[in-house]
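Structure first, commentary second.
Readers should treat all values here as calculations from the given coordinates under stated rules, not as data from a laboratory. Every value quoted in this text rests on a predicted model; they were computed, and no experiment measured them. No Cβ is skipped: glycine too gets one built from the backbone with ideal geometry, and neighbour counts run over all protein chains shown.
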């Protein structure tokens, strides 16, 4: 979707067509457009519910005074519709969009709390001359914004906003630094100056004549362990079992084929078991890789057989560094998570089988599944040292150690409990490699990039595990995991849904004490207990496995090293002058010689270079 509020709204029909075409992949089934005094709304439809023309958008009320463009799904729309019909409402379509429209007409922003789903929408009330922009609780669906000349513009992807005739493309160097440190541009920034995103769980409301950019928070998850729950594990398991079953059943509502992206892990395996429980003959799509160290197809097929799910194996061959161009094309901000590459291949192959894809995303944040949640417990003694002692260790050791040792020391000697925010190197500004690769201000007091520091500082009253989980809900989940899945799935006109992102499941897990999440060097204790009941034993007891891409190995080959030099060191490729040529050469030598693995850093830089060529036309550093 896209649009604009305020005076001087875009009227050029050809420009509006370009905006619509730029996001066609998000909705190839129909397009729509409507405009009035101080407002303009456009939409691309991916038909999921009620495939008839009655579901097309923008959707208007019968009197034409209320207009909605809605991207996403509200899973509890049937229950909401039934309640509205009991109050006298009549519906002309079978869509969730019409249910949302009627709720907004009645309740305005208060209706948001009744919606269980993923969405971004724009609503106009011509009677009140007002608008409402909103985004779902977790930020599953994106919404980019630009405010200027008294108008507020929005689009589902940044590429849409860049189609306005007067769109600026000036690189924000601070965003580039954060991207290199994090692997993604954080949600409160944009790679281009003057653009931003509506935060998850927020809305913007105003009048059409004088739109504003002030966002209001309508929902925020608070991780607050309730230690009174200890000793109630059996009852909690039963409650969770019911919650996940219902969350899965709701997400199977569709008028187009539904399938599951099934791995060898317990999260997607549990979703598969609940899909099978809901009836029908669900299909599991299993990705088979030709590298044994991260192929899980055997385990996934065992899960499917155990729960009674049909299987289609999507055979994916190993790619190489040239895949950066494909990733950079799809992700309209630099996105440096290497697992985006296989995700794109999986979604492309999945489109032949289904339009709706269920996933296990969100299970790690909710139930303590990430390796860092467990591993950091081993570093409590170091974290307990006074800041002065750790600062002295860093000052004395940083110049005397190997590259790998200096990197580890940089993390271990972070002040306070900041190691919890940067255990896997996430957001570590004091990493020596970052300063060698990117032009950045010399600031020896900076430990974490600003977005990480701000988020971490806001949770000082919490225990360490709660802080890590809240950080991941605030940053890693919406800005990495969900961006990866949304852009990859929508690039091939498919819709990804996850039962673990049902807000009821997240709120349930937010109350669980650490001892119900972590035990014996493993996370997701409660999910593992459910898995023992519902999945094969070898799956239930399996450890956390990443969605790996061997970038470091690729770069150590002669062809890989030559690719890096061609893309990053040739004078004609240094488009933005954001990176340091001398630093690239030095770290490439260290990487090839095995002194430290810089695979992630080089992948991020290669993505940035490719992205600048494809999206940054006319960009200024």
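Annotations for the structure displayed:
- Sequence ranges 353-363, 393-403, ranked by mean other-Cβ count within 10 angstrom, highest first: 353-363, 393-403
- Principal axis dimensions, the chain - Cα atoms, whole angstrom, descending: 75, 59, 47
- Shown for 461, 227, 439: other C-beta atoms within 10 Å of each C-beta, ranked fewest to most, produce the order 461, 227, 439.
- Computed from the Kirkwood radius of its Cα pairs, the Stokes-Einstein diffusion coefficient for the range 551-615 at 4 °C and 1.567 mPa s stands at 110 µm²/s.
- Maximal additional length on extending the residue 129-residue 582 stretch stands at 157.4 nm, based on 0.36 nm per residue less the C-alpha distance.
- Net lengthening on full extension, residue 453/residue 89 (0.36 nm per residue, minus Cα-Cα): 126.2 nm
- Summary value for the range 2-85: 23 percent relative contact order, contacts being C-alpha pairs under 8 angstrom separated by 6+ residues.
- Protection proxy ranking, peptides 322-329, 70-77, average beta carbon neighbours within 10 Å, highest first: 70-77, 322-329
- The range 342-411-the range 444-465 distance, computed between alpha-carbon centres (Å): 15
- Sorted by Cβ neighbour density within 10 Å, fewest at the top, the residues 221, 608: 221, 608
- Compactness check for the range 44-127: Cα Rg over 2.2 N^0.38 Å is 0.98.
- Long-range Cα-Cα pairs in the range 441-512 (distance over 20 Å), rounded percent: 48
- Gyration tensor (alpha-carbon) shape descriptor, the range 194-348, a/c threshold 1.5: oblate
- Estimated inter-spin distance, residue 399 and residue 37, nm [label 7 Å along Cα→Cβ]: 7.0
- Peptide packing for 242-252, 471-481 was compared via the average number of neighbouring C-beta atoms within 10 Å per residue; ordered from the highest value, the list is 471-481, 242-252.
- Spin-label model, residue 613 to residue 113: label points 7 Å out along the Cα-to-beta-carbon direction sit 5.2 nm apart.
- Label separation (residue 463 vs residue 382): 2.2 nm, computed from points 7 Å beyond Cα along the C-beta direction.
- Ordering 51, 535 by the number of other Cβ atoms within 10 Å of each residue's own Cβ, fewest first, gives 51, 535.
- Considering only the range 22-176, percent of DSSP beta bridges that pair antiparallel, nearest 5: 95
- Whole-angstrom gap from the range 265-332 to the range 98-171, using each part's C-alpha centre: 33
- Within the chain, helix-based [θ] at 222 nm, where runs of 4 or more DSSP H residues each add -39,500 (n - 2.57), nearest 500: -11000 deg cm²/dmol
- Using the Cβ-Cβ distance between residue 52 and residue 352 with R0 set to 35 Å, the FRET efficiency works out to roughly 0.90.
- Bridge type composition, the chain - antiparallel percent by DSSP, nearest 5: 75
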